[in-house]
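I have placed the structure first, in the form of structure tokens, so that the comments after it can refer back to it.
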Amino acid sequence: MCCLLMWFMGLLPAISRTSAIFVHDLLAWAITFVLIGHMRRAFEDPEARLGMRTGYVSRSWADRQHSRWLREEQAGDGGRPDRGTSRTARQNRDA
């Protein structure tokens, strides 16, 4: 769509084109900053990157970063309902 506005500038008044270019540039900068922030956080935590690749993290990392999740996992079922059963149905069955 942006390319069409650039190619066919006569389709919209100048104010609409200027506004579209401004919004495009603003969103491009926002995406750039978010991407850089995510990359910075990823490089700061090599164990999190390992966990994303392998699916496993150490207990000490899990305790430091996600202690509530670790407690749920250690409790047994991980806080998840039975496969194929909705949470509401499970709660009704247990009641």
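The values are calculated or read from the model by the stated rules, or taken from the named source; none is laboratory data. Remember, it's a predicted structure, so these values are computed and weren't measured experimentally. In this analysis, Cβ positions are derived from the backbone assuming ideal geometry, glycine residues included, and neighbour counts consider all displayed protein chains. Each accessible area value is taken on the protein alone, full model and side chains, heavy atoms only, with ligands, DNA and RNA left out. Shrake-Rupley method; radii C 1.70, N 1.55, O 1.52, S 1.80 Å.
Quick one: how many Å² of LEU11 are accessible to a 1.4 Å probe, rounded to 10?
For LEU11, solvent-accessible area is about 130 Å².
So, counting K/R as plus one and D/E as minus one, what does the shell of residues with Cβ under 14 Å around VAL57 add up to?
Numbers: positive: ARG49, ARG53, ARG59, ARG64; negative: ASP45, GLU47, ASP63, GLU73.
Counting the neighbours of VAL57, the net charge comes to 0.
Keeping all protein chains in place and using 1.4 angstrom, which order do ASP45, ASP63 fall into by accessible surface area, from largest down?
Descending order: ASP63, ASP45.
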